[in-house]
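What follows is a short report on a single structure.
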Protein chains: 2
Amino acid sequence: MAKNLTTRAEDYSKWYNELVIKADLAENSGVRGCMVIKPYGFAIWERMQAELDRMFKETGHQNAYFPLFIPKSYFSKEASHVDGFAKECAVVTHYRLKNAEDGSGVVVDEDAKLEEELIVRPTSETIIWDTYRKWVQSYRDLPLLINQWANVVRWEMRTRLFLRTTEFLWQEGHTAHATKKEALEEAEQMMHVYADFAENYMAVPVVKGTKTESERFAGALETYCIEALMQDGKALQAGTSHFLGQNFAKAFDVKFATKEGSQEYVWATSWGVSTRLMGALIMTHSDDNGLVLPPNLAPDQVVIVPIYRNDEQFDAVSEVAKKLMTELRAQGIRVKFDNRDTHKPGWKFNEYELKGVPVRIAIGPKDIEKGTVEIARRDTLQKEFISMEGVVEKVTSLMEEIQNNLFKKAINHRSEHTTEVNSYEEFKDMLKTKGGFLSAHWDGTAETEERIKNETKATIRCIPIDRKEEAGTCIFTGKPSVGRVLFAKAY
Amino acid sequence: MAKNLTTRAEDYSKWYNELVIKADLAENSGVRGCMVIKPYGFAIWERMQAELDRMFKETGHQNAYFPLFIPKSYFSKEASHVDGFAKECAVVTHYRLKNAEDGSGVVVDEDAKLEEELIVRPTSETIIWDTYRKWVQSYRDLPLLINQWANVVRWEMRTRLFLRTTEFLWQEGHTAHATKKEALEEAEQMMHVYADFAENYMAVPVVKGTKTESERFAGALETYCIEALMQDGKALQAGTSHFLGQNFAKAFDVKFATKEGSQEYVWATSWGVSTRLMGALIMTHSDDNGLVLPPNLAPDQVVIVPIYRNDEQFDAVSEVAKKLMTELRAQGIRVKFDNRDTHKPGWKFNEYELKGVPVRIAIGPKDIEKGTVEIARRDTLQKEFISMEGVVEKVTSLMEEIQNNLFKKAINHRSEHTTEVNSYEEFKDMLKTKGGFLSAHWDGTAETEERIKNETKATIRCIPIDRKEEAGTCIFTGKPSVGRVLFAKAY
Ligand SMILES: [Zn+2]
Ligand SMILES: [Zn+2]
């Protein structure tokens, strides 16, 4: 099977689009901007969900489910939120169709017009805080630590599979606290949870930081984020966690009785990651041969391909393969034995390379004679023969080795593409020639940020939480600055 | 904590509504007909999902995700489907809001009217078969065995928590096959999977059967179903699996090349269960004291409540409780230790009774002296003192005992409420006095079915797959019949 994949050097964006389709991850649907997540892509997303869900539960959160629809009036209640979210969204205006009188199909029944339009949730703060009002009376009811896995819709004019789609899948955490301190700690904690997940499961290094005021979530007083760097030198925001202050509590009148008996507004956070993570995963590790998956998230970590010319050989090879499969599974490794007789080994090799399976094992009659198997790593494309007795141990250690290698490669790439720049000339030069993260001094004003963005398309990705204090001067205005921020062009 | 729960005898329907609210399972939201599934209710649903998902995967299915929205024109493509589904549904007509000129809030932007309206999926056959056309070329691409977990919307005028809501959560399997035989086997298999799940996890006995033509899913040639009987003698359809023939393949032009090279239409099935199962679970087992949960689905299978008067006693009791918790967890039992000092033991006892936790363990200073604990079963409300050494064994065996006891009780209730009737007089009498399943001869015509329904509100729930052949005469028309069918009033 020839892959015919555009290379990254030729056209990075085309390479990505082709890869998503050819590796059977997702495709566009008949509905503008909405994708179909195919079984292979969804299996990766399911693994992401399972790990994140476990991490959320380990930090004390519970899942719940809130309505898909939000009454239009809810959006008007929180002033800054309405500007951010109540704009490009799907509006339900009617609740019935009827047969067209001319027999041409179905038409909207104008008699079934809703009194108040319903918005398909772009995010659920409003409907959830409308609910929390009923759940919170006393300090004893706090904190509320709730998450929901859901689909959301934001009408997008230009869409790309996983990266920006009209409908996408995500989780949204919404917590309520008695104190500002607790809410801030929660928001910060979830940034760390996201970073742990990105680095240890996705093998994607991320910078933890806070957003500038103009890049914050609509309604947030502070937005924590994790920022990743793709192979083309563009940044990708991989997760955000917001400290919402008392804005939503005030908008939806959520108060609680303190221990001392006074009435106070509740403090809020919200945090989310979405199927956009799939885009980050694909773009961080994959190469011109196709997808490269970290073992911790690969639906199949190992695939065994039998080599044979006749039934007798197939039987002999199958016996060895099945025994090996059993042994590997006993070690908790996800193994697939591809015994389809509809495709040749070479076709299968290509297929699993394209699909990023971390380890491929080939077993043929000669291997059985010699007591060996051939093991191929997807990340380095290296192959070697291993004696049968050593296979389980080898594969087990490869799982960790490949996971670590991918992370190290990504870290190295990011280091190479993170540059301290000290003048606006240098900034523009680097942005053009090398891209990546540009660490630069900024005067802290939204105006400067906006002007740099307009002139270069680079935005402030974050103010890193671990940045060192360093006096300097803004690259754009020359005004004083207390530390560097990270600029980049971004997805 | 006084429960103030209406009894089943007083008002069954009111009892159900109160129980759902008081046991913290779900509540109505600010959006008409849409519910909020609260963390405790959602935790039960998550357990249902986990078991079903495992069963689907064990039978070879994979998960995927298809768009929330369906273009209106898709509904017109399958003639019988349009009448069944393209009617009471949420219609998206616009994709933007804007600030009202008078500053009163946000209004629909009339400039952002969709060319073709989008329907929020009431079920996904149309969008999925539109996709399958691209996935199926040859017999090698078949079967497609795909499931999706999703939210769906059907506009309902009268809603009840879990039983009938405008938005609900479900799974929908959609499979494509090369032959009629294979598709029929798949549809039948999934009915058995659903029945296994209902009986072995929910402890809800079900009758497996097929629907009469008039009760079939819109677009199906055969609908398999499982039917349960609630405590009030009304039936509840707990799951359906449809053999769709080639209807959707023809509507969406999905053909495949056979091994021999000819082009044929693909054969289809679809099958689903929803959050309605929560209603079935609640109504089958619960009593006037609250929820009763089968151990296999209870989020907490055991709760340990400490009894103490001072800190010293609390410390001593906690030590014992924690040790016991560790031992029980090592057996795979889900245990919660409720050490909140904000509520008294009596309040907690009531709370866990209301929430249906299968086993409650109380430990006090006297127990420590005597080396015992008090164990209370939720299903029988029996309490007994058990020596500390025997607790783990006792609780482990109670898990199975309670699960079996609930199933047996439900089986007995169903037997008592299943009656063979041989005349229309008897039929109407029984329906009024005893309710339940009425097993009766029917002449096989839609007309008779319709007339009985209009006169009595009883419908044919199913033609049981294991019914014995028995010549008889229709209770309504006296015409010949080859076997009995099950009638009941239904949810
Ligand atoms: Zn590079
Ligand atoms: Zn009864």
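The values are calculated or read from the model by the stated rules, or taken from the named source; none is laboratory data. The structure presented is a predicted model; accordingly, all values stated were derived computationally and were not measured. Here Cβ is always computed from backbone atoms with ideal geometry, including for glycine, and neighbour counts include all displayed protein chains.
Determine, yes or no, whether A:LYS336 is under 21 Å from A:GLN403 (Cβ atoms) and either charged (D, E, K, R) or in a helix (DSSP H, G or I) (or both). Walk me through it before giving the result.
On the way: under 21 Å from A:GLN403 (Cβ atoms): yes; either charged (D, E, K, R) or in a helix (DSSP H, G or I) (or both): yes.
Taking the combined requirement at face value, the residue satisfies it.
Yes/no per residue for (1) at pLDDT 95 or above; (2) over 30 Å from B:LYS211 (Cα atoms); (3) hydrophobic (A, V, I, L, M, F, W, C):
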site: B:TRP347; (1), (2), (3): yes, yes, yes
site: B:VAL359; (1), (2), (3): yes, yes, yes
site: B:GLU384; (1), (2), (3): yes, yes, no
site: B:VAL392; (1), (2), (3): yes, yes, yes
site: B:MET399; (1), (2), (3): yes, yes, yes
site: B:ILE411; (1), (2), (3): yes, no, yes
site: B:MET430; (1), (2), (3): yes, no, yes
site: B:GLY436; (1), (2), (3): yes, no, no
site: B:TRP442; (1), (2), (3): yes, no, yes
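Out of (1) touching a residue at least 60 places away in the same chain (Cβ under 8 Å); (2) in a loop (DSSP other than H, G, I, E, B); (3) surrounded by fewer than 18 Cβ atoms within 10 Å (Cβ to Cβ), the odd one out for B:GLU450 is which?
Of everything listed in (1) touching a residue at least 60 places away in the same chain (Cβ under 8 Å); (2) in a loop (DSSP other than H, G, I, E, B); (3) surrounded by fewer than 18 Cβ atoms within 10 Å (Cβ to Cβ), B:GLU450 misses just condition (2).
Please go through the range A:93-107 and pick out each residue that is surrounded by fewer than 17 Cβ atoms within 10 Å (Cβ to Cβ) and either touching a helix residue (DSSP H, G or I) at 6+ places or on another chain (Cβ under 9 Å) or within 7 Å of chain B (Cβ to nearest Cβ) (or both). Spell out how you get there, then give the answer.
Filtering the range A:93-107 down to residues surrounded by fewer than 17 Cβ atoms within 10 Å (Cβ to Cβ) leaves A:98-105, A:107.
Residues satisfying the conditions are A:ASN99, A:GLY105, A:VAL107.
Considering only the range A:134-153, state which residues are within 10 Å of chain B (Cβ to nearest Cβ) and more than 17 Å from B:TYR40 (Cα to Cα). Steps first, answer last, please.
Taking the range A:134-153 as the starting set, the residues that turn out to be within 10 Å of chain B (Cβ to nearest Cβ) are A:134-135, A:138-140, A:144-153.
Hits for the range A:134-153 are A:SER138, A:TYR139, A:ARG140, A:ALA150, A:ASN151, A:VAL152, A:VAL153.
Go through the range A:231-261 and give me each residue that's within 16 Å of ligand 1 (Cβ to nearest atom) and assigned to a strand (DSSP E or B).
Within the range A:231-261, the subset within 16 Å of ligand 1 (Cβ to nearest atom) is A:231-236.
If the condition is that a residue be within 16 Å of ligand 1 (Cβ to nearest atom) and assigned to a strand (DSSP E or B), then A:ALA235, A:LEU236 are the ones that fit.
Give the range B:407-430 a look and list any residue that's within 14 Å of ligand 2 (Cβ to nearest atom) and not in a loop (DSSP other than H, G, I, E, B), or say none. First the steps, then the outcome.
Within the range B:407-430, the subset within 14 Å of ligand 2 (Cβ to nearest atom) is B:409-419, B:430.
B:LYS409, B:ALA410, B:ILE411, B:ASN412, B:HIS413, B:ARG414, B:SER415, B:GLU416, B:THR418, B:THR419, B:MET430, listed by residue number.
Quick one: would you say B:LEU277 is within 30 Å of B:TYR12 (Cα to Cα), crowded, with 24+ Cβ neighbours inside 10 Å and in the same structural domain as B:GLY233 (by TED's automatic domain parsing)?
Working: within 30 Å of B:TYR12 (Cα to Cα): yes; crowded, with 24+ Cβ neighbours inside 10 Å: yes; in the same structural domain as B:GLY233 (by TED's automatic domain parsing): yes.
Answer is yes for this residue.
Would the range B:181-201 turn up any residue that is more than 16 Å from ligand 2 (Cβ to nearest atom) and outside any helix (DSSP H, G or I)? I'd like the intermediate steps shown before the answer.
From the range B:181-201, those more than 16 Å from ligand 2 (Cβ to nearest atom) are B:181-201; that's our starting set.
After this cut, where a residue has to be outside any helix (DSSP H, G or I) as well, the list is B:201.
Yes: one or more hits.
Within the range A:313-335, does at least one residue satisfy the condition of being under 27 Å from the mean Cα position of the chain (by Cα) and either farther than 12 Å from A:VAL395 by Cα or of a type in the set (Ser, Thr, Tyr) (or both)? Can you show your working first?
Initial filter on the range A:313-335 (under 27 Å from the mean Cα position of the chain (by Cα)): A:332-335.
Now drop any that are not either farther than 12 Å from A:VAL395 by Cα or of a type in the set (Ser, Thr, Tyr) (or both), which leaves none.
Scanning the range A:313-335, I find no residue that is under 27 Å from the mean Cα position of the chain (by Cα) and either farther than 12 Å from A:VAL395 by Cα or of a type in the set (Ser, Thr, Tyr) (or both), so the answer is no.
Just to be sure I understand, how many residues within the range A:96-122 are in contact with a Ser or Thr (Cβ under 7 Å, 6 or more places away or on another chain) and at positive phi?
Number of matching residues: 1.
Hey, among the residues in the range A:119-130 that are touching a His at 6+ places or on another chain (Cβ under 8 Å) and under 20 Å from B:VAL107 (Cα atoms), which one's farthest from the other protein chains (Cβ to nearest Cβ)?
A:GLU125
Quick check on A:MET283: is it out of contact with any Gly (no Cβ under 9 Å at 6 or more places or on another chain) and assigned to a helix (DSSP H, G or I)? Walk me through it before giving the result.
On the way: out of contact with any Gly (no Cβ under 9 Å at 6 or more places or on another chain): yes; assigned to a helix (DSSP H, G or I): yes.
Spelling it out, A:MET283 is indeed out of contact with any Gly (no Cβ under 9 Å at 6 or more places or on another chain) and assigned to a helix (DSSP H, G or I).
Would you mind stating whether A:ALA228 is outside any loop (DSSP other than H, G, I, E, B), within 16 Å of ligand 1 (Cβ to nearest atom) and touching a Ser or Thr at 6+ places or on another chain (Cβ under 7 Å)?
Judged against the criteria, A:ALA228 is a match.
Would you confirm whether any residue within the range B:177-199 is at pLDDT below 95 and either among the aliphatic types (A, V, I, L, M) or within 16 Å of ligand 1 (Cβ to nearest atom) (or both)? Reasoning before the result, please.
Initial filter on the range B:177-199 (at pLDDT below 95): none.
Checked the range B:177-199: no residue is at pLDDT below 95 and either among the aliphatic types (A, V, I, L, M) or within 16 Å of ligand 1 (Cβ to nearest atom) (or both).
When only residues in the range A:147-166 that are surrounded by 24 or more Cβ atoms within 10 Å (Cβ to Cβ) and not polar (S, T, N, Q) count, which is farthest from the chain's Cα centre (by Cα)?
The extreme case among them is A:VAL153.
Could you say which residue among B:GLU116, B:GLU110 is more than 7 Å from chain A (Cβ to nearest Cβ), surrounded by fewer than 21 Cβ atoms within 10 Å (Cβ to Cβ) and assigned to a strand (DSSP E or B)?
On the way: B:GLU110 fails: assigned to a strand (DSSP E or B).
The match here is B:GLU116.
Counting only residues that are facing another protein chain (nearest Cβ under 7 Å) and touching a helix residue (DSSP H, G or I) at 6+ places or on another chain (Cβ under 9 Å), how many does the range A:71-87 have? Show your work before the answer.
Going residue by residue through the range A:71-87, those that are facing another protein chain (nearest Cβ under 7 Å) are A:71-73, A:75-76, A:82, A:86-87.
Cutting the leftovers down to touching a helix residue (DSSP H, G or I) at 6+ places or on another chain (Cβ under 9 Å) gives us A:71, A:75-76, A:82, A:86.
Here the count works out to 5.
May I ask you to verify whether B:LEU52 is more than 7 Å from chain A (Cβ to nearest Cβ), crowded, with 20+ Cβ neighbours inside 10 Å and among the aliphatic types (A, V, I, L, M)?
Working: more than 7 Å from chain A (Cβ to nearest Cβ): yes; crowded, with 20+ Cβ neighbours inside 10 Å: yes; among the aliphatic types (A, V, I, L, M): yes.
When the stated conditions are applied, B:LEU52 passes them.
Would you be able to say whether some residue in the range B:109-129 is under 22 Å from A:ARG96 (Cα atoms) and free of Cβ contacts under 8 Å to residues at least 12 places away in the same chain?
yes
Quickly run through the range B:352-384 and pick out the residues that are among the hydrophobic types (A, V, I, L, M, F, W, C) and more than 24 Å from B:ASP287 (Cβ to Cβ). Walk me through how you get there before you give the answer.
Residues of the range B:352-384 among the hydrophobic types (A, V, I, L, M, F, W, C): B:354, B:357, B:359, B:361-363, B:368, B:373, B:375-376, B:381.
Correct list: B:ILE363, B:ILE368, B:VAL373.
With the checklist (1) surrounded by fewer than 23 Cβ atoms within 10 Å (Cβ to Cβ); (2) touching a helix residue (DSSP H, G or I) at 6+ places or on another chain (Cβ under 7 Å) in hand, flag the one item A:VAL36 doesn't pass.
So A:VAL36 meets the others, but not (1).
Looking only at the range B:4-32, which residues are out of contact with any Pro (no Cβ under 6 Å at 6 or more places or on another chain), at pLDDT 95 or above and under 30 Å from A:THR93 (Cβ atoms)?
B:ALA26, B:GLU27, B:ASN28, listed by residue number.
Can you tell which of A:ALA26, A:ALA90, A:ALA64 is facing another protein chain (nearest Cβ under 10 Å), closer than 30 Å to B:TRP135 by Cα, crowded, with 18+ Cβ neighbours inside 10 Å and in contact with a Lys or Arg (Cβ under 7 Å, 6 or more places away or on another chain)? First the steps, then the outcome.
On the way: A:ALA90 fails: in contact with a Lys or Arg (Cβ under 7 Å, 6 or more places away or on another chain); A:ALA64 fails: closer than 30 Å to B:TRP135 by Cα.
After applying the criteria, what remains is A:ALA26.
Hey, any hits in the range A:280-291 for a residue that's of a type in the set (A, V, I, L, M), buried (at least 22 other Cβ atoms within 10 Å of the Cβ), more than 30 Å from A:ILE146 (Cα to Cα) and in contact with a strand residue (DSSP E or B) (Cβ under 8 Å, 6 or more places away or on another chain)? Explain how you work it out, then say what you get.
Initial filter on the range A:280-291 (of a type in the set (A, V, I, L, M)): A:280-283, A:291.
From the residues that got through so far, the ones that are buried (at least 22 other Cβ atoms within 10 Å of the Cβ) too are A:280-283, A:291.
Add one more test, that the residue is more than 30 Å from A:ILE146 (Cα to Cα), and what stays is A:283, A:291.
Still in the running and in contact with a strand residue (DSSP E or B) (Cβ under 8 Å, 6 or more places away or on another chain): A:283.
There is at least one residue in the range A:280-291 that is of a type in the set (A, V, I, L, M), buried (at least 22 other Cβ atoms within 10 Å of the Cβ), more than 30 Å from A:ILE146 (Cα to Cα) and in contact with a strand residue (DSSP E or B) (Cβ under 8 Å, 6 or more places away or on another chain).
Among the listed residues B:THR433, B:THR445, which satisfies the condition of being over 19 Å from B:GLU227 (Cβ atoms), more than 16 Å from ligand 2 (Cβ to nearest atom) and out of contact with any Phe, Trp or Tyr (no Cβ under 9 Å at 6 or more places or on another chain)? Quick ask: steps written out before the conclusion?
Numbers: B:THR433 fails: more than 16 Å from ligand 2 (Cβ to nearest atom).
It is B:THR445.
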